[in-house]
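The values are calculated or read from the model by the stated rules, or taken from the named source; none is laboratory data. Note that the structure is predicted; figures quoted are calculated from it, not measured. For neighbour counting, all protein chains shown are included, and Cβ atoms are generated from backbone atoms with ideal geometry for every residue, glycine included.
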Amino acid sequence: MSQDPTIPHTSEEKSSNSEDIQEDNLNNPDQSVRERIRPSTSSPYRCNRAQSSPPQVVSMEELMETAKGVSNMALAHEIVVNGGFQIKPAELPEGSLEKTVKEIVHKAFWDCLEAQLSEDPPTYDHSIKLVGEIKETLLSFLLPGHTRLRNQITEVLDLDLIKQEAVNGALDISRLAEFIIGMMGTLCAPVRDEEIKKLKDIHEIVPLFRAIFSVLDLMKMDMANFAISSIRPHLMQQSVEYEREKFQKIFEKQPNALDFVTDWLQEASDDLANLRCKNSPSPGVGAAASGVPVLCPAAVQNWAYLKLLKWDHVHRPFPETLLMDHTRFQEMQLELEQLTLTGAILLVMFNVVGAVLSNLPGFADKIKTIIKVLLTGMHLPSFNLSESLATVGEKVCAEVNSCLSQHGFTPFTAEKEIALKGQIQTLGNSDNTICKLIDSRIQAFLESYLTSGHQKSFPAIPGGLGPIQREMEEIAVKYVRLVNYNKMVFSPYYDVILSKLLDKAESQLLE
């Protein structure tokens, strides 16, 4: 089947330019709109929360309006941030009341249709209504330029003519179904070819109609997902202002909507201030000259975003502005924890093996696959890390010996195997030096990439992290894009808070 004719062919160059523009926007977050935030809407601070005004009574209409705004904002945010966002069919839980009611209603409808067609002569009232629905659905798939297809559908699925044929006993439902299936095959995306082919093997009218509507629902979803992918570059241009305006409305109704953001930024500011005090060589030497992080809004924000990768999600509330991305940051944190352990295992293994296998194509990837499988679920309460690391040690030793033998090298001695297994086992300790080293280097890599601004190239990979370079870069891209998008939306709010925090910090340093 040819490429789906309902999908408009856009210029690759135009698409590429649009994506480049959006990438530049993400890598250069605009902070010029902070003046639009009202000076009177400053965030409450930890020191004056006790004197804050009592909560105001909010009407149900205001609550519903706020909920709708949050829902719309979340959807736009998801489409822009999640490149793989797609609409998927809703699947009701098995045995649920909703699923049971739906099945009963559908069965009653199709039973009624079958009863009408079984009459002598057949009654086609329900069938004609279904053909009308199918006609409208097929027409909805067409673009303005599909004149010939539109004329074909309108002519063959002429409901007035079909009703006359039904009255005169000349209606051929099978002929209409054949045309419908053929038109669906013309309009569907290639991924639906198999479903269309199966329709041609159904010869009973009622099961055929049921299957046709099922495939049409999938085609509707395909069209919706294509529309989403088409508007994403354009939505990016609008979504920053849209999200900021929606949040401003929420903020106006909930003046304490930045309490946790203030705590988060305050903590990051304190961290940098402490580093500055600790590492400044003397009062006469500037922070920049001494290599200490400069206490400025950009540095504090970067530090704050890095802290999200070490967040205590159980005991600490997440910053309000980032709630829509809470799950994403949490997933990246779990990915990094598993990647840290993987990097530590590989570092230990290659230190024991030496340079013999380090440059062997595919060997590191094979070991990483084994480790990933064995560490799956490592964040679940039921996961036994000690047992899993023991299994990892066994598997790694087996793969190393097999590879050494295949390439004509001497396999491990029993003593060397015991040593490698023991070192891998100790990686499960929370204070393990190697894990801490790998973790600090991963954090340094992410920090360098985050602070690189508009530069699209990755910073140099820290020593010992070569085997996990690809995984680090994949996480870094997701992380920095997410951070930069949130900066574009919320930095004006952060700057209002940070201007006060940093003024206070600077005054304390000068005392």
Worksheet item: Considering only region 233-258, how many residues are of a type in the set (A, V, I, L, M), at pLDDT below 85 and in contact with a Ser or Thr (Cβ under 9 Å, 6 or more places away or on another chain)?
Response: 3
Worksheet item: What about LYS436, is it surrounded by 11 or more Cβ atoms within 10 Å (Cβ to Cβ), charged (D, E, K, R) and more than 17 Å from GLY343 (Cβ to Cβ)?
Response: no
Worksheet item: Using beta carbons and a limit of 7 Å, which pairs, at least six apart or on different chains, have the first residue in region 469-487 and surrounded by fewer than 18 Cβ atoms within 10 Å (Cβ to Cβ) and the second one at pLDDT below 90 and in a helix (DSSP H, G or I)?
Response: ARG481/LEU26
Worksheet entry | Looking only at region 347-388, and only at residues there that are touching a residue at least 40 places away in the same chain (Cβ under 8 Å) and touching a Gly at 6+ places or on another chain (Cβ under 7 Å), the one that is nearest to GLY464 (Cα to Cα) | LEU347
Worksheet item: Out of all the residues in region 374-384, is one or more on the phi > 0 side of the Ramachandran plot, out of contact with any Lys or Arg (no Cβ under 8 Å at 6 or more places or on another chain) and surrounded by fewer than 18 Cβ atoms within 10 Å (Cβ to Cβ)?
Response: yes
Fill in: Tally, over region 214-269, of residues that are among the β-branched types (Val, Ile, Thr) and under 26 Å from ALA90 (Cβ atoms)
3
Worksheet, complete the sentence: Of (1) farther than 29 Å from THR123 by Cβ; (2) at pLDDT 90 or above, SER230 satisfies every one except (2)
Item to complete: Return a yes/no flag: does region 114-131 have any residue that is outside any helix (DSSP H, G or I) and of a type in the set (A, V, I, L, M, F, W, C).
Response: no
Discussion item. Tell me whether region 451-460 contains one or more residues that are in the same structural domain as LYS478 (by TED's automatic domain parsing), part of a helix (DSSP H, G or I), at pLDDT below 90 and out of contact with any His (no Cβ under 8 Å at 6 or more places or on another chain).
Written reply: yes
Item to complete: Could you tell me whether region 126-136 includes any residue that is among the polar types (S, T, N, Q), more than 39 Å from the chain's Cα centre (by Cα) and either loosely packed, with under 11 Cβ neighbours inside 10 Å or in the same structural domain as ILE180 (by TED's automatic domain parsing) (or both)?
Response: yes
Practice prompt. Scan region 338-366 for residues that are part of a helix (DSSP H, G or I), farther than 19 Å from ARG441 by Cβ and not basic (Lys, Arg) and jot them down.
Written response: VAL352, VAL353, PHE363, ASP365
Worksheet item: So which pairs qualify, if the first residue must be in region 186-205 and within 23 Å of ALA115 (Cα to Cα) and touching a residue at least 40 places away in the same chain (Cβ under 8 Å), the second must be among the β-branched types (Val, Ile, Thr) and part of a helix (DSSP H, G or I), the Cβ gap must be under 8 Å, and the two must be at least 6 apart or on different chains?
Response: ILE205/ILE173
Worksheet entry | Count - residues of region 103-125 that are without any contact (Cβ under 8 Å) to a residue 60 or more places away in the chain and either under 30 Å from PRO93 (Cβ atoms) or of a type in the set (Asp, Glu) (or both) | 12
